[in-house]
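Notes follow once the structure below has been shown.
Each reported figure results from applying straightforward, stated rules to the coordinates on display, with no laboratory input. This structure is a prediction, so every number in the text was calculated from the model and none was measured. Cβ sites come from the backbone with ideal geometry, for glycine too, and all protein chains shown count toward neighbours.
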Amino acid sequence: MRLQEKNVKNGMRMLAIYYIIWLIFILVFKMSFSINDLLIERKINLIPFYHDNNVDIKVILDEMVLNILVFLPLGIMIRSIFFDKKSSKSIFFMLTFSLIVESLQYVLSIGIFDITDIINNTLGGILGITLYSIFVKKSKSKFKVDRFIFLIAFIGAIFISLILIILLKYNGM
């Protein structure tokens with residue numbers, strides 16, 4: 001592996017770790033800066049796509065789409081990092097990570113363990129994995145795809161960091 005390729009792969013690993021930490025913050029702690037802001041409940045929903053009748057269908061669909069979209073970049077990064085492995089291992093990673101996030105919400109009593117979220121999160125990861133594989137196949141150069149994705153992910157990480165700084169400052173931290 002050339003030095004440039006190794007640097008991009010190591011950079012992608014660092015960005016994936018950063019993104020995972022950010023996802024945990026968003027999904028487990030709902031971007032709350034105070035424990036008092038968190039929904040304190042311990043519930044389990046094992047019925048896929050089941051929601052109370054009191055919840056607006058638009059809210060449900062928005063949440064499903066957002067879960068898929070937020071896991072799509074992680075699927076791309078994970079597939080890039082583990083490209084030499086079977087894609088089923090990347091899918092297993094996405095499923096496991098989603099299970100961990102949902103389990104943390106339940107164990108910490110700050111959310112609902114929801115099978116629908118696990119399905120949508122994993123689906124988002126699978127879409128990312130698939131997109132990455134298509135990009136590599138079309139470009140015929142994994143390194144060029146990785147370099148482009150790294151650049152986009154790096155810019156995204158800077159943007160996310162700026163948002164976090166603004167939120168921390170706005171919340172008086």
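Can you list the lysines whose alpha carbon is less than 26 Å from that of K138, not counting same-chain residues fewer than 8 positions off? Straight-distance partners of K138: K6, K9, K85, K86, K89.
If I take every Cα pair under 8 Å that is 6 or more residues apart in the chain, average their sequence separation and divide by the length, what percent do I get for the relative contact order? Don't skip to the answer; put the middle values down first.
Details: 177 pairs, mean separation 56.8, N = 173.
Relative contact order here is 33 percent.
Placing +1 on each Lys and Arg Cβ and -1 on each Asp and Glu Cβ, with no other charges, gives the stretch 3-170 a dipole about its Cα centre of roughly 1120 debye.
Scattering from the chain was approximated by placing one identical point on each alpha carbon and applying the Debye formula without solvent; log10 I(q)/I(0) at 0.20 1/Å stands at -1.35. Treating each Cα of the stretch 44-125 as an identical point scatterer and summing with the Debye formula, the log10 of I(q)/I(0) at q = 0.25 Å⁻¹ comes to -1.19.
Among K138, K43, K89, the largest mean-square fluctuation in a Gaussian network model of the chain (Cα springs under 10 Å) belongs to K138.
Spin-label model, I158 to V65: label points 7 Å out along the Cα-to-beta-carbon direction sit 2.9 nm apart. Please list, ordered by chain and number, the residues whose modelled amide H lies under 5 Å from the amide H of K85; skip anything fewer than 5 residues away on the same chain. Hits under the 5 Å cutoff: none.
Please give the calculated 222 nm ellipticity per residue for the chain, where each DSSP H segment of at least 4 residues contributes -39500 (n - 2.57) and the sum is spread over every residue; nearest 500 deg cm²/dmol? Write out the running numbers ahead of the final one.
Details: 5 runs with 125 residues, N = 173.
When only DSSP H runs of four or more count, the value is -25500 deg cm²/dmol.
Rounded to whole numbers, the Karplus 3J(HN,Hα) couplings from phi for the stretch 67-80 are 4, 5, 5, 6, 8, 4, x, 5, x, 5, 5, 5, 5, 5 Hz, using 6.51 cos²θ - 1.76 cosθ + 1.60 with θ = phi - 60°, and x at Gly and Pro.
Exposure proxy check: I76, I68 ranked by fewest other beta carbons within 10 Å? Spell out each step's value before the answer.
Details: I76 26, I68 20.
Fewest to most other Cβ atoms nearby, the residues stand as I68, I76.
Model label points for S133 and I17, set 7 angstrom from Cα along the Cα-to-Cβ axis, are 2.8 nm apart.
Restricting attention to the stretch 139-173, which trypsin sites (Lys or Arg not before Pro) occupy a DSSP loop and are surrounded by at most 15 other Cβ atoms within 10 Å?
Numbers: sites: K140, K142, K144, R147, K169; in loops: K140.
Passing sites in the stretch 139-173 are K140.
Helix 115-139 axis versus longest C-alpha principal axis of the chain: approximately 20°, rounded to the nearest ten.
Can you put Y170, Y132 in order of Cβ neighbours within 10 angstrom, beginning with the fewest? List each step's numbers first, then the result.
Numbers: Y170 9, Y132 24.
Lowest to highest Cβ neighbour count: Y170, Y132.
Residues whose amide H falls under 5 Å from that of N45, counting only those 5 or more places apart or on a different chain, are F113, D114, I115, with hydrogens built in the peptide plane. Candidates Y170, L61, I91 compared by Cα position along the dipole of the chain: farthest toward the positive end lies I91, with charges placed on Cβ. Connecting C-alpha atoms closer than 10 Å in a GNM of the chain, tell me which of V59, V28, V101 has the biggest fluctuation. The residue with the greatest mean-square fluctuation here is V59. Is the shape of the stretch 103-173 rounded, prolate or oblate, going by the alpha carbon gyration tensor and its root eigenvalues a ≥ b ≥ c, with a/c under 1.5 for rounded and a/b larger than b/c for prolate? The shape class here is oblate.
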